[in-house]
Amino acid sequence: MARPMGPRFKTARRLGVNVFNHPKALKRGAKILSKQSDYGKQLMEKQKLKAYYGMLEKQFKIYVNEALSSKGNPGEKLVQRLECRLDNIVYRLGFGSTLRQARQIVVHGHILVNGKKVDKPSYKLEVGDVVSLKEKSRKNEMFKENFLAQELKLNYLEKNLEGFSGKLVSVPNREDVPIEVVDSYIIELYSK
């Protein structure tokens, strides 16, 4: 599946939020927007969420339709589903320093889910799944440094430093997910 490859810092300034979690992303400051219409606000929130998870429109729309057809709050379901993608969990556990790096680690086959190699970044993790680094890849200094240096602050994930692995303990609550997005605007945009 394709992924956005445009200028990251420019996108972060336009959205006004550090969506790429890079220390220099908003160094020049965020773009100050004048008065925005309701549609403009909805579109901005959609663009933010797409940038947080590194997706293009076609794939994002599939997730939105899935959330709209599920039971419960569709905005919450959308964020939960995106948060449980394999590339995102690899990033949150600290195997990769950025989401792009985490996606590349997955695609290159360095990640095991429950002991089996998975190379699809969009793979949906279930509660109880264990994500680990391949035995051969544990010797790579970059992977080691990233994993040991990053502290885990999310209560829906569990990290095992000795085993170079992590576990999805529970479905993430919307409040626990570290993103600044008003998900109700996105659902309003797509339910027109």
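Based on every Cα atom in the stretch 1-115, Rg and the maximum pairwise Cα distance Dmax equal 15.4, 52 Å. Restricting the GluC sites (Glu not before Pro) of the stretch 83-144 to loop positions (DSSP other than H, G, I, E, B) with no more than 15 neighbouring Cβ atoms within 10 Å leaves GLU126, GLU135.
Applying 1/(1 + (r/R0)^6) with R0 = 35 Å to the Cβ-Cβ distance of GLN150 and ARG14, what FRET efficiency is obtained, to the nearest 0.05? My answer for the efficiency is 0.80. Per-residue Karplus couplings for the stretch 39-50, computed as 6.51 cos²θ - 1.76 cosθ + 1.60 with θ equal to phi - 60°, are listed in order as 4, x, 5, 4, 5, 4, 5, 5, 5, 4, 5, 4 Hz, Gly and Pro entered as x.
Ligands, DNA and RNA left out, the 1.4 Å accessible surface of the chain is 50% carbon and sulfur atoms.
Return the single residue from VAL64, VAL169, VAL131 with maximal mean-square fluctuation; model: Gaussian network over the chain, springs between Cα atoms under 10 Å. Ranking VAL64, VAL169, VAL131 by mean-square fluctuation puts VAL169 first. In this structure the amide hydrogen of LEU157, modeled in the peptide plane, comes within under 5 Å of the amide hydrogens of VAL169, none closer than 5 places in sequence on its chain. All distinct Cα pairs of the chain go into the 1/r average, and the inverse of that average, the Kirkwood radius, is 17.4 Å. Between SER69, SER122, SER165, which gets the highest mean-square fluctuation from a Gaussian network model of the chain, Cα cutoff 10 Å? Of SER69, SER122, SER165, the Gaussian network model singles out SER69 as fluctuating most.
Full extension of the chain between ASN73 and LEU189 gives 40.3 nm of extra length, using 0.36 nm per residue less the Cα-Cα distance. Rounded to two decimals, the Cα radius of gyration of the stretch 107-178 over 2.2 N^0.38 Å is 1.12.
Between GLN36, GLN150, GLN101, the residue with the greatest mean-square fluctuation in the GNM of the chain (Cα pairs under 10 Å linked by springs) is GLN36.
Here the relative contact order of the chain, from alpha carbon pairs under 8 Å that lie six or more residues apart, stands at 21 percent. Restricting the stretch 46-102 to trypsin sites (Lys or Arg not before Pro) that sit in a DSSP loop and have at most 11 other Cβ atoms within 10 Å of their own Cβ leaves LYS71.
The residues of the stretch 1-122 expose, per residue, 53 Å² of accessible area to a 1.4 Å probe. Sequence-ordered 3J(HN,Hα) estimates for the stretch 75-81 from the Karplus curve with 6.51, -1.76 and 1.60 and θ = phi - 60° stand at x, 5, 4, 4, 5, 4, 5 Hz, glycine and proline given as x. For the stretch 105-192, averaging the sequence separation of C-alpha pairs within contact (under 8 Å, six or more residues apart) and dividing by the residue count gives a relative contact order of 23 percent.
Taking a spot 7 Å from the Cα of THR98 along the direction of its beta carbon, which residues of the stretch 50-70 have an amide N less than 16 Å from it? Only 51-55 pass the distance filter. Under a model in which nothing but the beta-carbon of Lys, Arg (+1) and Asp, Glu (-1) is charged, the chain shows a dipole of about 860 debye around its Cα centre.
The values are calculated or read from the model by the stated rules, or taken from the named source; none is laboratory data. Model, not experiment: these values are computed from the prediction. Don't worry about glycine lacking a Cβ; one is built from the backbone with ideal geometry, like all the others, and counts go over all protein chains shown. The area values use the complete protein model at the heavy-atom level, side chains included, leaving out ligands, DNA and RNA. Shrake-Rupley method; radii C 1.70, N 1.55, O 1.52, S 1.80 Å.
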